[in-house]
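Remarks on the structure that follows.
The values are calculated or read from the model by the stated rules, or taken from the named source; none is laboratory data. Computed from a predicted model, the values in this text were never measured in an experiment. Cβ atoms come from the backbone with ideal geometry, glycine included; neighbour counts cover every protein chain shown. Remember, those area values only see protein heavy atoms, side chains included, never the ligands or the DNA or RNA. Shrake-Rupley method; radii C 1.70, N 1.55, O 1.52, S 1.80 Å.
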Amino acid sequence: MKHFPIFLAVEGRRIVLSGGGDAAMAKLRLLMKTEAQLTVIATEVADDIRKWAAQGKLRIIARAMEPGDALCAALFYAANEDDAEDARVAAIANAEGALVNIVDNLEDSQFITPAIVDRDPVTVAIGTEGAAPVLARAIKADLEERLPTSLGVLARIGKTFRHAVDILPMGRKRRDFWTSFYFGSGPKALEAGEHAVIPALETLLDAHVLATDKQGSVDLVGAGPGDPELLTLKARNALDKADVVIHDRLVTGEILELARREAIIIDAGKEGFGRSMKQEDIDALIVQHALDGHHVVRLKAGDPTVFGRLDEEIEAIEAHDIPYRIIPGITAASAAVANIGQSLTKRHRNSAVRLITGHDTKGYADHDWKALAAAGEVAAIYMGKKTARFIQGRLLMHGANPSTPVTIIENVSRADQRIIATTLVEMEPTMTQANLTGPAITFYGLAPRDAQANALKLKEFA
Ligand code: SAH
């Protein structure tokens with residue numbers, strides 16, 4: 001670590017900046033968030049800076065910097081956008097004991113200004129020692145999205161309530177209380193106005209005091225393919241009573257809306273920087289919340305028993321003797337086949353249907369390609385976007401008819417559902433060209449009913 005992060009006390013202290021152009025303005029916008037006394041020294045000063053001076057936010061000394069100007073300053077910024085002038089003023093400030101930053105000159109700066117996520121009094125500073133500003137921006141954007149804008153106000157109000165929370169035992173119980181406040185009931189209460197926050201804290205505290213001795217449990221719930229109307233009543237009831245909802249990436253916002261207002265919602269599939277939460281971490285999260293006496297709803301897309309890594313979660317839950325239930329859901333294949341007017345099985349066509357995955361944790365998944373290649377076979381292929389060419393190749397290699405119908409259904413049951421009808425031989429590049437961005441399921445051996453009717457008609461006329 002070449003730079004050590006600290007938070008500097010600047011209330012009432014001097015921060016001096018030399019420069020009056022764009023670079024100066026960019027820094028001043030940040031500095032004006034502090035409670036420091038700001039002084040700008042420059043021969044030419046932009047209108048905005050003048051405006052800020054008129055509003056009493058800073059003081060302007062309208063001349064070039066001279067020795068003595070940085071006396072007693074905690075920080076000094078050289079922002080003249082002129083190397084020679086920056087070097088000159090930096091030398092003065094340095095001699096006068098201020099910590100010096102030269103804008104866009106990492107080498108000669110004694111400190112650097114991080115990327116800041118501001119939820120005052122909660123502040124996140126992100127630095128990459130100048131190595132990867134793009135990364136800093138990406139992290140900042142991710143945090144901006146993840147931290148409710150209300151966090152600062154909530155932190156300020158929460159601070160006044162800390163003593164009341166002493167009633168809860170130290171450690172996890174207290175941490176849980178604050179988590180559900182900051183990420184659950186707090187932001188919701190704030191929608192009604194700041195006055196609603198303290199009553200919400202009181203209600204939440206009562207609930208947590210009562211829950212301290214409660215036995216926790218887990219419902220492993222199928223959320224269906226996305227349309228809230230395809231939830232089971234059992235799933236709805238479970239969501240209605242949830243203390244904590246831990247959901248997959250594919251579960252839609254509309255469904256999460258149905259969770260109890262006070263529930264803590266945790267996205268276990270968050271792909272912040274391209275990676276999702278590890279399965280062991282999800283297992284631990286479920287167990288931890290249940291041991292805390294919470295009713296945990298583990299919400300999975302479709303049916304939890306289909307490609308849902310359900311057994312691993314059950315094993316973790318059972319290892320702690322936590323009671324659990326499995327609440328089935330409508331799997332993507334069922335919803336998708338309904339939307340193309342077909343059946344998964346049909347007399348005289350296929351008396352069996354396979355649910356297969358395109359890839360597993362180790363890569364491409366292998367299947368009984370020879371059996372699948374026989375006429376009339378039907379398979380629903382989950383997670384088959386990236387492996388379409390592999391599957392197509394295997395099936396053709398094992399003698400499948402190239403004109404076997406293939407139907408891809410993206411975003412099943414959602415407003416942006418797309419149905420793409422093709423054949424095995426054209427499956428790729430059709431899928432790549434379709435530029436699928438949502439979850440998609442592929443039916444091998446099934447065409448949409450309309451397309452099939454049309455094809456039959458064409459044959460008759462031929
Ligand atoms: N348990 C889920 C499947 C999880 S595996 C279920 O029963 O549906 C994830 C895969 O499911 C995705 O890659 C996609 O192939 C499929 N899938 C899930 N939801 C989908 C949807 N709404 N539309 C299309 N495919 C979906």
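Observations on the model:
- Cα shape, region 217-330, gyration tensor, a/c 1.5 rule: rounded
- R0 of 60 Å, Cβ-Cβ distance T113-Q215: FRET efficiency to nearest 0.05: 0.75
- Fraction of accessible area attributable to carbon and sulfur, the chain (%, probe 1.4 Å): 53
- Maximal additional length on extending the D416-E194 stretch stands at 76.1 nm, based on 0.36 nm per residue less the C-alpha distance.
- Label-point separation, T128 to D281 (7 Å along Cα→Cβ), nm: 2.0
- Span from the region 393-432 Cα centroid across to the region 236-269 one, whole angstrom: 33
- Note that region 217-330 presents 47 Å² accessible area per residue, ligands and nucleic acids not counted, probe 1.4 Å.
- Shape class of region 150-210 from the Cα gyration tensor (axes a ≥ b ≥ c, square roots of the eigenvalues): prolate, since a/c reaches 1.5 or more and a/b is larger than b/c.
- Label positions at D206 and K57, each projected 7 Å from the Cα along the C-beta direction, are separated by 4.4 nm.
- DSSP assigns beta bridges within region 10-134; of those with both partners inside it, close to 25 percent run antiparallel.
- When the convex hull of its Cα atoms is projected in every direction, mean area for the chain (nm²): 31.1
- Cα-based shape type of region 333-461, given that a ≥ b ≥ c are square roots of the gyration tensor eigenvalues and the cut on a/c is 1.5: rounded
- Sites T43 and H3, calculated FRET efficiency, Cβ-Cβ separation with R0 30 Å, nearest 0.05: 0.40
- Sum of -39500 (n - 2.57) over DSSP H runs of 4+, divided by residues of the chain (222 nm, nearest 500): -10500 deg cm²/dmol
- Residue pairs, from the table K346/K385; K140/K234; K278/K386, whose Cα atoms sit over 28 Å apart: K140/K234
- Stretched out straight at 0.36 nm per residue, the stretch from R29 to A352 would grow longer than its current Cα-Cα span by 109.7 nm.
- Whole-Å distance, taken between Cα centres, linking region 105-120 and region 1-77: 14
- Difference of contour (0.36 nm per residue) and Cα-Cα distance, A371 to H359: 2.5 nm
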